[in-house]
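Worksheet for the structure shown next.
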Amino acid sequence: MKKERTADNTRPFKLAHQILSLTGINFQRRSIIGFVELTIVPLKDNLRFIKLNAKQCRIYRVCLNDVYEAPFQYFDPFLDICQGENNERSLEQFSPAHLYAANQIDPDHAAGELLISVPAEAQCAVQEGRAVRVGVEFSLEQPQGGVHFVIPDCEGTLAERGAHMFTYQYENSSRLWFPCVDSFAEPCTWRLEFTVDESMTAVSCGDLIEVVYTPDMRRKTFHYMLTTPACAPNIALAVGPFEIFVDPYMHEVTHFCLPGLMQSLKVSARYMHEAFEFYEETLANRYPYPCYKQVFVDETDVSVAAYATLSILSTNLLHSNAIIDQTYITRKAMALAIAEQFFGCFISMQ
């Protein structure tokens, strides 16, 4: 029997830890400035290239172990799938070309849009079994996918208008907002840092370790730590002037909603703890993470999206006491989000 090629036996390194730091989230320009650092463990001594996924990102600099400047190339075959062949326009021609383009950057085939060359002076540091830190400085501007900015057209400050942003993805498309190994087969631990305006709150995966203000008190940085390994597709972020409600039945659960929706949030989430109890009793296992957060945002394509320790839900699920029919729809959506914490986030498909 032919052995199936998977990410475990094709990628020349193992991902151990990743830092994601977004220092400049600009709502007016719809732009992001950030930095990632991936700690990888080479699986062979002669590692010459490191391939990562990064789509619609502008890459400024790549550095190994904070010392060695690494040359890099960026290539996205999806920018020209048919490679200029305009002789025939048909699905029969487009479909195999699309598949070929996807395979060229498939992380489970040890491929990616960002090709980093390991410089000769760094070869001594790149030895089998010795961890290497790969730092990448990048930015996004007017992203076409992966990140959605909601900026209501009315008067007032961004916070007063309820401006917010959130990430969204279908399967493995985290590459749309930060460089990574965009595969379900490469889980690792995470450190997440997000710098936002003083009036905003950044909600992401893992435990909130601390919030550090700048000396002028105009900006603050949220530090999250995710110690349970998770893959890049299960990392998400929401930033906005959220109102915060700690669940009275389960203090490790926190709810976030946009201004003015707190009363509806309390009504909608009042029975959510029963879903946790049901799953834990049915599975004879405790919830796999130390905390859980659910954020209600506007203009979502789907009602529920689950990530490690975090779910992003539509504000349309919130309801008052007077609307009975919506109660069942909302409870089902919240229960689904919790179920996907067990199956989909903690236990992933690969």
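A single entry from 221, 167, 254 fulfils the requirement of being over 22 Å from residue 334 (Cα atoms), among the hydroxyl-bearing types (Ser, Thr, Tyr) and touching a residue at least 12 places away in the same chain (Cβ under 8 Å): 221.
Of the residues 160, 193, 186, the single one that is charged (D, E, K, R), in contact with a strand residue (DSSP E or B) (Cβ under 8 Å, 6 or more places away or on another chain), over 15 Å from residue 35 (Cα atoms) and not assigned by TED's automatic domain parsing to the domain that holds residue 315 is 186.
Matching residues to (1) surrounded by fewer than 23 Cβ atoms within 10 Å (Cβ to Cβ); (2) part of a loop (DSSP other than H, G, I, E, B); (3) touching a Lys or Arg at 6+ places or on another chain (Cβ under 6 Å):
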position	(1), (2), (3)
193	yes, no, no
202	no, no, no
208	yes, no, no
212	yes, no, no
216	yes, yes, no
220	yes, no, no
223	yes, no, no
226	no, no, no
229	yes, no, no
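Checked across the stretch 248-260, the condition of being hydroxyl-bearing (Ser, Thr, Tyr) and crowded, with 22+ Cβ neighbours inside 10 Å holds for no residue.
Scanning the stretch 323-341 turns up at least one residue that is surrounded by 19 or more Cβ atoms within 10 Å (Cβ to Cβ), out of contact with any helix residue (DSSP H, G or I) (no Cβ under 6 Å at 6 or more places or on another chain), under 23 Å from residue 224 (Cβ atoms) and not aliphatic (A, V, I, L, M). Taken together, the criteria place residue 306 among residues that are in a strand (DSSP E or B) and either outside the structural domain of residue 165 (by TED's automatic domain parsing) or among the small types (Gly, Ala, Ser) (or both). Could you tell me whether residue 311 is closer than 14 Å to residue 265 by Cβ, within 16 Å of the chain's Cα centre (by Cα), assigned by TED's automatic domain parsing to the domain that holds residue 261 and not in a helix (DSSP H, G or I)? Taking the combined requirement at face value, the residue satisfies it. Might you let me know whether the stretch 21-42 holds any residue that is of a type outside the set (Val, Ile, Thr), surrounded by 14 or more Cβ atoms within 10 Å (Cβ to Cβ) and modelled with pLDDT under 90? Looking for residues that are of a type outside the set (Val, Ile, Thr), surrounded by 14 or more Cβ atoms within 10 Å (Cβ to Cβ) and modelled with pLDDT under 90, one finds none in the stretch 21-42, hence no. Summed over the stretch 165-179, the residues that are touching a helix residue (DSSP H, G or I) at 6+ places or on another chain (Cβ under 7 Å) and part of a helix (DSSP H, G or I) give a count of 1.
The values are calculated or read from the model by the stated rules, or taken from the named source; none is laboratory data. Treat the numbers as computed from the prediction; the structure is a model and nothing was measured. Every residue, glycine among them, receives a Cβ derived from its backbone with ideal geometry; neighbour counts consider all protein chains shown.
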